[in-house]
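Colleague: Okay, handing you the structure first.
The values are calculated or read from the model by the stated rules, or taken from the named source; none is laboratory data. Every value quoted in this text rests on a predicted model; they were computed, and no experiment measured them. So basically every Cβ, Gly included, is an ideal-geometry build from the backbone, and we count neighbours across all protein chains shown.
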Amino acid sequence: MKKTLVAVAAMAAVTGAMAQATIYGTIEQTYNKTTTTLGGTTISTKTGFTAYQMGQSFLGVKGSEDMSNGMKASYLYEFGLQSETSATPTNRQSFVGLSGGFGSVRFGKQYSAGFNNAIAADPGGATGATGALYLAPMTGYNGTEAPLRQDEGVQWDLPSFVPGLNVTITRVFGNANTALTNTSSTTETNSIKTGDGSGLALTYSNGPLYLGYTVDTVVNTGIAFGTNDDSIAQTTTAAAVPATTNTIIAASSTSKNKLTTATGTYDLGMAKVGYNTTKMSVGAQSLSTSMVSVSVPLGAATVFVSQSNGDITSGSTLGAVSLKGSQYGVNYALSKRTVTYMHAGRLNADLATTIKKQSNYGVGIHHSF
């Protein structure tokens with residue numbers, strides 16, 4: 001159950017007004033095992049507790065205020081928690097927004113429209129299980145999380161004039177200096193504002209049908225695999241342990257990084273089917289992925305499976321790579337807020353000189369409040 005705190009702000013002493021804040025979040029623990037092989041030789045086996053099979057544990061606070069001019073102000077702040085260790089909390093989202101007749105606009109760190117569109121077709125919900133290939137191009141620019149989450153972003157949801165149709169415009173600031181001063185006090189001009197970007201999202205929802213398309217561009221950035229995708233690390237020796245971050249497409253001073261996503265889902269009642277295609281490119285170099293999925297409700301349980309395919313172009317630092325991934329699992333609702341589950345996944349990367357495979361599974365429990 002969401003718990004609402006009633007706090008008296010400093011100005012309440014003058015105005016007598018009271019502000020309301022809603023505290024929410026999730027706590028999760030998962031026993032997880034991950035095995036990586038290269039050319040048939042096991043190079044890494046990891047076991048232990050994590051909190052990623054149904055999404056990282058987090059704690060958030062949010063609220064809103066109705067203003068006398070007909071507008072509404074809102075805010076949200078989320079801390080990412082490593083509930084299985086004593087690691088320092090991280091900032092997941094933090095934004096403030098205004099809404100009214102102009103639609104709604106949010107300023108700060110927030111999930112990208114591209115990620116929200118892609119995850120709509122993933123019945124695993126961007127879990128920690130290997131095999132959801134769309135997550136690879138989702139961790140490529142303007143920071144280790146972007147474009148999954150975008151720092152220094154502005155999102156504007158336009159007013160909806162057609163029932164079910166929504167349009168979102170995004171602007172991202174890379175916070176790069178355009179006039180840099182060195183120790184000799186001479187000015188160096190950087191004409192490329194690394195990380196600056198813009199985006200457009202179109203989504204349509206009508207009953208059981210969902211359709212979405214997004215496009216984002218960012219200046220002078222490459223593609224790097226993040227921790228969700230270490231199985232495609234740039235390594236060709238059996239003795240090497242996969243790195244957690246590997247740039248596969250270099251930044252370009254002439255070509256922008258372009259990310260596109262297209263998603264469709266349909267709820268048949270007895271099952272929900274989904275399809276997503278995601279592509280990130282810098283010039284002629286690209287990483288393309290596709291996924292088909294199905295989830296079936298069976299009383300308190302929901303069973304799901306997804307199949308992904310991907311291709312890295314020959315112009316990348318890894319050469320031409322063919323990718324295949326799969327995920328499957330079952331979620332069992334013990335109550336409205338508590339779910340126990342088993343998720344598993346597999347990924348094969350056909351590198352130029354060898355084949356790398358990663359498989360993992362997790363069994364755990366997830367509580368939301």
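Colleague: Being polar (S, T, N, Q) and either touching a helix residue (DSSP H, G or I) at 6+ places or on another chain (Cβ under 9 Å) or buried (at least 18 other Cβ atoms within 10 Å of the Cβ) (or both) is the filter here, so list the residues in the stretch 57-82 that pass it.
Modeller: S57
Colleague: Something else: Kindly indicate whether E188 is within 30 Å of Y31 (Cβ to Cβ), modelled with pLDDT under 75 and among the acidic types (D, E).
Modeller: no
Colleague: Moving to a separate point now. Of (1) in contact with a Pro (Cβ under 6 Å, 6 or more places away or on another chain); (2) modelled with pLDDT of 95 or more, F79 satisfies all except one. Which?
Modeller: (2)
Colleague: Taking the criterion of being within 21 Å of the chain's Cα centre (by Cα), within 21 Å of A129 (Cα to Cα) and either assigned to a strand (DSSP E or B) or of a type in the set (D, E) (or both), would at least one residue in the stretch 60-70 satisfy it?
Modeller: No, there is no match, as no residue in the stretch 60-70 is within 21 Å of the chain's Cα centre (by Cα), within 21 Å of A129 (Cα to Cα) and either assigned to a strand (DSSP E or B) or of a type in the set (D, E) (or both).
Colleague: Say we look at the stretch 201-254 and pick out the residues that are modelled with pLDDT of 90 or more and among the small types (G, A, S); which of these is farthest from T313 (Cα to Cα)?
Modeller: Applying the filter and picking the extreme gives G207.
Colleague: Kindly check whether there is at least one residue in the stretch 56-68 that is on the phi > 0 side of the Ramachandran plot, modelled with pLDDT under 90 and of a type outside the set (D, E, K, R).
Modeller: So far as the stretch 56-68 goes, no, none of its residues is on the phi > 0 side of the Ramachandran plot, modelled with pLDDT under 90 and of a type outside the set (D, E, K, R).
Listed here are the residues, each with its yes/no results for (1) among the aromatic types (F, W, Y); (2) closer than 30 Å to S253 by Cα; (3) without any contact (Cβ under 8 Å) to a residue 40 or more places away in the chain.
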| site | (1), (2), (3) |
| --- | --- |
| G264 | no, no, no |
| A271 | no, no, yes |
| G274 | no, no, no |
| T277 | no, yes, yes |
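Colleague: Can you tell me which condition P137 does not meet? The list is (1) surrounded by fewer than 18 Cβ atoms within 10 Å (Cβ to Cβ); (2) out of contact with any Asp or Glu (no Cβ under 8 Å at 6 or more places or on another chain), and all the others hold.
Modeller: Among (1) surrounded by fewer than 18 Cβ atoms within 10 Å (Cβ to Cβ); (2) out of contact with any Asp or Glu (no Cβ under 8 Å at 6 or more places or on another chain), the lone unmet condition for P137 is (1).
Colleague: Between a first residue in the stretch 147-175 that is in contact (Cβ under 8 Å) with a residue 12 or more places away in the chain and small (G, A, S) and a second residue that is surrounded by fewer than 20 Cβ atoms within 10 Å (Cβ to Cβ) and part of a loop (DSSP other than H, G, I, E, B), which pairs have beta carbons less than 8 Å apart while being 6 or more apart in sequence or on different chains?
Modeller: G153/F173; G174/K193; G174/T194
Colleague: Sticking with this structure for a sec: Test A126 against the criterion of being buried (at least 17 other Cβ atoms within 10 Å of the Cβ) and of a type in the set (A, V, I, L, M, F, W, C), and give yes or no.
Modeller: For A126, the condition - buried (at least 17 other Cβ atoms within 10 Å of the Cβ) and of a type in the set (A, V, I, L, M, F, W, C) - is met.
Colleague: Still on this structure, please answer the following. Does V363 meet the test of being in a strand (DSSP E or B), closer than 25 Å to G25 by Cα and either among the acidic types (D, E) or free of Cβ contacts under 8 Å to residues at least 40 places away in the same chain (or both)?
Modeller: No.
Colleague: When the residues of the stretch 292-321 are filtered to those that are at pLDDT 95 or above and outside any strand (DSSP E or B), which remaining residue is surrounded by the fewest Cβ atoms within 10 Å (Cβ to Cβ)?
Modeller: Looking at the filtered set, the residue picked out is G299.
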